[in-house]
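The values are calculated or read from the model by the stated rules, or taken from the named source; none is laboratory data. These figures come from a predicted structure and were not determined experimentally. Positions of Cβ are generated from backbone atoms using ideal geometry, with glycine treated the same way; all protein chains shown enter the neighbour counts. Heavy atoms of the whole protein, side chains included, go into the accessibility calculation; ligands, DNA and RNA do not. Shrake-Rupley method; radii C 1.70, N 1.55, O 1.52, S 1.80 Å.
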Amino acid sequence: MTLSPLSPDATPKPSPRPPAGASPAAGPAGAGLRFPPDFMWGSSTSAYQIEGAAREDGRTPSVWDTFSHTPGRTEGGDTGDVACDHYHRFRDDVALMSRLGLGAYRFSVSWSRVQPTGRGSASQRGLDFYRSLTDELLDAGITPVLTLYHWDLPQELEDAGGWPERDTALRFADYARIVADALGDRIQLWTTLNEPWCSAFLGYGSGVHAPGRTDPADALRAAHHLNLAHGLATQALRDALPAAAEVMVSLNPAAVRARSDTPEDRDAARRIDALATRVFTGPMLHGRYDEDLLADTAQITDWSFVQDGDLAAAHQPLDGICVNYYTPSVVSAVEHREDGPAPERRDGHGASDHSPWPGADRVVAFHQPPGEQTEMGWSIDPGGLTELLHRFHREAPGVPLYITENGAAYADEPDGEGRVHDPERIAYVQEHLAAVHRALEEGVDVRGYFLWSLMDNFEWAYGYGKRFGIVHVDFGTQRRTPKSSALWYAEVARTGQLPEA
Ligand code: IFM
């Protein structure tokens, strides 16, 4: 494995794009800004996106195996069968992180690798993999951060009804206990769910994610059972883990902007805020569903699946809240037409005839903001991250915050000499780190930043065509090549400072 074909004096630089609102002479956003000495610098991945080894050592299919093997569901029919082959190459991947000087690594556990039927006994071989990975990280001085669930529900549980069924939440708590018993002696930082919005609303609403179902009532039922699952798993983790362990959750709250200041457009923003963010933060942080959310969705469900005690169970004290952020949402109201065509929906969540926004699909339009976009078509707006950090600081006073995902896809390919230059990604990350720094200066307790992603990987329905990594992966040869952003980020992690221009 080559660390990089770039020579150390070829210091990577961000693209010349000035930060939003700055004069071109201002240089890259936040040059020279210094972070607290104990700030955690890491990168993130998830099991299905990198591991491969889909049928090895007792692992059974998850919903993503089934979905990606269903014709027409992913770009080019791509699957995670091999992905980055991390299951076999994890030692090299940890060595690479170590050479980059990253202090922390967030990964997820594949549920069907460690508990193949989603219920009952655990697979020792599956647990051994995560134990070896964790030990390798610890030996390299890298802090492991474990996510229990990053969208890969065991297919057997989907066959029994999936997240719209209450039992899935109970099964998740059992699974949490298994993983805690196996790894609790060596991992301190735990997150329960990753982006439950995507599991519920893309998986059961628009169907662009596994399992590909498209029923708005099921999407809301799924959201509730994910809230319950988070709470029950948090209790199970607290029960099994040492007192010093920290239990958190990774959410992808929306930074919603109304297109205008009219009451109608502000109301559209309120609706999307409820469906994107408060549907999870309500139960998890406050033990309630907000009245406006219940009213907006009343024609879809009466929420009778919420049983006594569920909201108290979902509302557990947390040791940290993890924010994943990429882009804001710009919305406006549309005239209500019962049977008219659905409004424009440029929400960045994939094309589908079915909406992931139950109750808002015919009254809210999504718009593409002006300005630069990443390869995903997502607009670049670091201010949204500062806003969200402030929001959680207000809503959960005293609870530390982490950014567990932030990054950008660009069409990176090696040049003639095998180097991969990605100045746009450096600029994106630098601007977002400046936005994090702003929140820190304003008193928000942010403890760490995890760049999505360590390496190019399986980007869900987009397959391998969208590259988010700071390390380029040639999926034919599995050769890893650190991009210039990896060297730049290594420098940030080493110095705790954004480089001068
Ligand atoms: O790749 C995904 C990740 O799995 C979850 N958050 C968003 C990333 C980019 O789309």
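Remarks
- Based on the Kirkwood approach, the hydrodynamic radius assigned to the chain is 22.8 Å, with every pair of different Cα atoms included.
- Projected label distance in nm at ARG186 and THR70, using a 7 Å step from Cα toward the beta-carbon: 3.7
- Rounded to the nearest 0.05, the FRET efficiency derived from the C-beta distance between ASP57 and ASP319 at R0 = 35 Å is 0.65.
- Table column - 3J(HN,Hα) (Hz), the range 43-55, Karplus curve with 6.51, -1.76, 1.60, x for Gly and Pro: 9, 10, 8, 9, 4, 5, 6, 10, 5, x, 6, 5, 10
- Shape class for the range 97-161, computed from the alpha carbon gyration tensor (a ≥ b ≥ c): prolate, with a/c not under 1.5 and a/b above b/c.
- Taking all Cα pairs closer than 8 Å and separated by 6 or more residues, the relative contact order of the chain comes to 20 percent.
- Pairwise FRET efficiency - THR495 versus GLU291, Cβ, R0 = 56 Å, nearest 0.05: 0.70
- Excluding ligands, DNA and RNA, the accessible surface per residue across the chain is 36 Å² with a 1.4 Å probe.
- The range 324-461: translational diffusion in µm²/s, Stokes-Einstein, Kirkwood Rh over Cα pairs, 4 °C, 1.567 mPa s: 75
- Computed over the range 41-126, the alpha-carbon pair-distance distribution with 5 angstrom bins reads 3, 14, 21, 22, 17, 13, 8, 2, 0, each value a whole percent.
- Sorting MET40, MET284 on solvent-accessible area from highest to lowest, probe radius 1.4 Å, gives MET40, MET284.
- When a 1.4 Å probe is rolled over the protein heavy atoms, the share of accessible surface on the chain that falls to carbon and sulfur comes to 49 percent.
- If R0 is 51 Å, the Cβ-Cβ spacing of GLN373 and GLN307 corresponds to a FRET efficiency of close to 0.75.
- Charge context of VAL444, other residues only, Cβ under 15 angstrom, K/R +1, D/E -1: -1
- Residues in the range 302-335 reached by a label modelled at ARG238 [backbone nitrogen below 13 Å; 7 Å Cα→Cβ]: 312-320
- The calculated 222 nm mean residue ellipticity attributable to helices in the chain amounts to -9500 deg cm²/dmol, summing -39500 (n - 2.57) over DSSP H runs of n ≥ 4 and dividing by all residues.
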